[in-house]
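A.B. asks: After the structure tokens below, expect a handful of questions from me.
Values quoted throughout were computed directly from the atomic coordinates according to the rules given, and no laboratory measurement underlies them. All of these numbers come straight from a predicted model, not from anything done at the bench. All Cβ positions, glycine included, derive from the backbone under ideal geometry; neighbour counts span all protein chains shown.
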Amino acid sequence: MIPVFEPYIGEEEVEAVAAAVRRGEISGSFGRDIGAFEEEFAAFVGARHGVSVTSGTTALHLAVATLRLPPGSEILVSASTNIATALAAFHNDCVPVPVDSEEETWNLDLDLIEGLITERTRAIIPVHLFGHPVDMDRLVEIAERHDLVVIEDCAESHGATVRGRMTGALGDMGCFSFYANKIITTGEGGMVTTDDDELAERLRSLRNLAFGRPRFLHREAGFNFRMTGYQAAMGRVQLRKIDHIIEQKRRVAHTYNDLLADVPGVQTPAELDWARNVYWMYSITVGEQFPLSRDELMGSLRDAEIDSRTFFCPMNLQPFLREQQGFRDAPCPVAERLWETGLYLPCSITLSDDQIGQVVEQIRAPAPA
Ligand SMILES: Cc1ncc(COP(=O)(O)O)c(C=O)c1O
């Protein structure tokens, strides 16, 4: 089976993790690697601060928690995303309001934002889906006009840029994931980046149980979202490889794009002229001109020992969100179509051009002669 994805981990990561364990830097916020990873990752993104956490999900949860929003506040989120984006609102007693996708990049449609804003809207979480950045210049301009906090969901976009500037440094906070299938990984793990000194301080405090003075007196409810020292040690090694990883992600994507260009009914990922796409997962949709449905194509790939995955189920269709008090049934026809027609193809960076050719051959197989 050609897997959808395999992490890119070498002996250097194993040695760095073992060394951190040997030094006893296993938990707490001490030790050399946590602070160093935070500084190095923030520098990579071009933000003043990095606050490491246990996952992308907790990065988003923590970022929203710092805002202390009144219960029932609305937070606009990309409709097509991992559930973690909406959970950040849900677990902070806020209502996630889905913004439908646009056809070309599959990111949230910026033209829809203003029509969804109410007097309860406080923040927006744009997702840089599959590694293509949102046009943050336009989004931030809209957010500023309506006094909305912008939290970028960068779980899939490490290294993606908008007019040369990195995602994660373009909103008030950026939330990254280091899950095994992300651009770089610490196994589980995440990071919040920000330029704002006060937000950074609140993020650090809430991540670590919100200790007060004296130490065990707590004035607010915090969380234990601390990353371990050995995860940070692994993250530092991974970060040194990130340019190579992105270069290879782009090679894989460009090879697929070339080979799929003339297949009727297949939409390949975009890269708009102001954007750098890091192609976290190589994703396509199959339209009416394609001879098979998405599910039939996935079956045909499986028969040829080629793994694939569907796109995300949009947030307007999630049963538990539909039951939340204050749920707003914003129509998301594009995100729904993506959920029905989209799939990711194998895209590990070690994939050879021959293997990519094999996948494309299987996609072409059912096409009429
Ligand atoms: C867009 C998006 N946001 C958030 C997350 C959550 O990250 P994690 O799995 O590290 O909790 C993921 C991925 O898993 C994601 O793809």
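A.B. asks: Debye calculation, C-alpha points only, no solvent: report log10 I(q)/I(0) for the stretch 308-369 at q = 0.12, 0.22 Å⁻¹, in the same order as the q values.
C.D. replies: The calculated log intensity ratios at q = 0.12, 0.22 Å⁻¹ are -0.51, -0.93.
A.B. asks: Right, next: Assign one of three labels to the stretch 210-369, namely rounded, prolate or oblate, based on the Cα gyration tensor with a ≥ b ≥ c the square roots of its eigenvalues; rounded applies when a/c is under 1.5, prolate when it is not and a/b is larger than b/c, and oblate otherwise.
C.D. replies: Oblate, since a/c reaches 1.5 and b/c is not below a/b.
A.B. asks: Same structure, new question: Using the alpha-carbon atoms, what tilt in degrees (0 to 90, nearest 10) does helix 294-303 show relative to the longest principal axis of the chain?
C.D. replies: Orientation of helix 294-303: about 80 degrees from the principal axis.
A.B. asks: Given labels modelled 7 Å from the Cα in the Cβ direction, how far is it in nm from Ala261 to Ala330?
C.D. replies: 3.6 nm
A.B. asks: Moving to a separate point now. Any idea what diffusion coefficient the stretch 1-45 gets from Stokes-Einstein, in µm²/s, Kirkwood Rh on alpha carbon pairs, 37 °C, 0.692 mPa s?
C.D. replies: The Stokes-Einstein estimate is 259 µm²/s.
A.B. asks: On to the next question. Starting from the Kirkwood Rh over alpha-carbon pairs, what translational D in µm² s⁻¹ does the stretch 98-139 have by Stokes-Einstein at 10 °C and 1.306 mPa s?
C.D. replies: In µm²/s, the coefficient rounds to 145.
A.B. asks: Taking R0 as 25 Å, what FRET efficiency do you get between Ala270 and Gln358 from their Cβ-Cβ distance, rounded to the nearest 0.05?
C.D. replies: Taking R0 as 25 Å, the efficiency between Ala270 and Gln358 is 0.50.
A.B. asks: Oh, and also: From largest to smallest, what semi-axes in whole angstrom does the stretch 54-133 give when each is the square root of 5 times an eigenvalue of its alpha carbon gyration tensor?
C.D. replies: After scaling each eigenvalue by five and taking roots: 20, 16, 8 Å.
A.B. asks: So how long is each side of the stretch 225-279 along the principal axes, counting just the alpha-carbon atoms, biggest first, in Å?
C.D. replies: 49, 24, 22
A.B. asks: Return a whole-number percent for the relative contact order of the chain, with Cα pairs under 8 Å and 6 or more residues apart as the contact set.
C.D. replies: 23 percent
A.B. asks: Could you tell me the distance between the Cα centroids of the stretch 37-84 and the stretch 268-343, to the nearest Å?
C.D. replies: Distance between centres, Cα-based: 24 Å.
A.B. asks: Between Arg251, Arg215, Arg322, which gets the highest mean-square fluctuation from a Gaussian network model of the chain, Cα cutoff 10 Å?
C.D. replies: Evaluated over the chain, the most mobile residue of the options is Arg215.
A.B. asks: Indicate, rounded to the nearest 5 percent, the antiparallel portion of the DSSP beta bridges found entirely in the chain.
C.D. replies: 60 percent
A.B. asks: Which translational diffusion coefficient, to the nearest whole µm²/s, is obtained for the stretch 1-137 from the Stokes-Einstein equation, given a Kirkwood hydrodynamic radius over C-alpha pairs, 25 °C and 0.890 mPa s?
C.D. replies: For these conditions, the coefficient is 139 µm²/s.
A.B. asks: Going by how many other beta carbons lie within 10 Å of each one, how would you line up Asp153, Asp262, Asp135, Asp295, fewest first?
C.D. replies: Fewest to most other Cβ atoms nearby, the residues stand as Asp262, Asp295, Asp135, Asp153.
A.B. asks: Ok, one more. Take Arg122, Arg309 and order them by how many other Cβ atoms sit within 10 Å, fewest up front.
C.D. replies: Exposure proxy ranking, most exposed first: Arg309, Arg122.
A.B. asks: Two decimals is fine: what is log10 I(q)/I(0) at q = 0.23, 0.25, 0.28 Å⁻¹ for the stretch 147-221, from a Debye sum with one equal scatterer on every Cα and no solvent?
C.D. replies: Cα-only, vacuum Debye calculation for the stretch 147-221: -1.04, -1.11, -1.21.
A.B. asks: Which one, Gly342, Gly299, Gly50, has the greatest fluctuation when you compute a Gaussian network model over the chain with C-alpha springs under 10 angstrom?
C.D. replies: Gly299
A.B. asks: Given the stretch 76-180, report the % of alpha carbon pairs whose separation exceeds 20 Å.
C.D. replies: Value for the stretch 76-180: 30 percent of Cα pairs lie more than 20 Å apart.
A.B. asks: Taking neighbour counts of Cβ atoms within 10 Å as a proxy for exposure, in what order, fewest first, do Leu108, Leu338 appear?
C.D. replies: In increasing order of surrounding Cβ atoms, one gets Leu338, Leu108.
A.B. asks: Next question. Would you mind giving the average projected area, over all directions, of the Cα convex hull of the stretch 9-85 in nm² with one decimal?
C.D. replies: Convex hull of Cα atoms, orientation-averaged projection: 7.6 nm².
A.B. asks: May I pose another question? Considering the chain as a Gaussian network with a 10 Å cut-off on Cα pairs, which listed residue, Ile124, Ile306, Ile284, attains the greatest mean-square fluctuation?
C.D. replies: So, out of Ile124, Ile306, Ile284, the one fluctuating most is Ile306.
A.B. asks: Could you tell me what % of all Cα pairs in the chain have separations over 31 Å?
C.D. replies: 36 percent
A.B. asks: Rounded to the nearest 500, what is the 222 nm mean residue ellipticity of the chain from helices alone, with -39500 (n - 2.57) per DSSP H run of 4+ residues and division by all residues?
C.D. replies: For the chain, the value works out to -11000 deg cm²/dmol.
A.B. asks: Would you mind giving the average projected area, over all directions, of the Cα convex hull of the stretch 103-241 in nm² with one decimal?
C.D. replies: Convex hull of Cα atoms, orientation-averaged projection: 10.5 nm².
A.B. asks: Where the centre of each part is set by its Cα atoms, how far does the stretch 182-225 sit from the stretch 127-156, in angstrom?
C.D. replies: One Cα centre to the other: 22 Å.
A.B. asks: Given the stretch 47-176, what percent of its DSSP beta bridges are antiparallel, to the nearest 5?
C.D. replies: Of all bridge pairs located within the stretch 47-176, approximately 15 percent are antiparallel.
A.B. asks: Run the dipole for the chain about the Cα centre, Lys and Arg Cβ at +1, Asp and Glu Cβ at -1, nothing else charged, and hand back the magnitude in debye, nearest 20.
C.D. replies: With Lys and Arg at +1 and Asp and Glu at -1, about 1460 debye.
A.B. asks: Relative contact order of the stretch 184-273, please, whole-number percent, based on alpha carbon pairs below 8 angstrom and at least 6 residues apart.
C.D. replies: 26 percent
A.B. asks: Tilt of helix 11-22 relative to the longest C-alpha principal axis of the chain, in degrees (0 to 90, nearest 10)?
C.D. replies: So the inclination is approximately 20 degrees.
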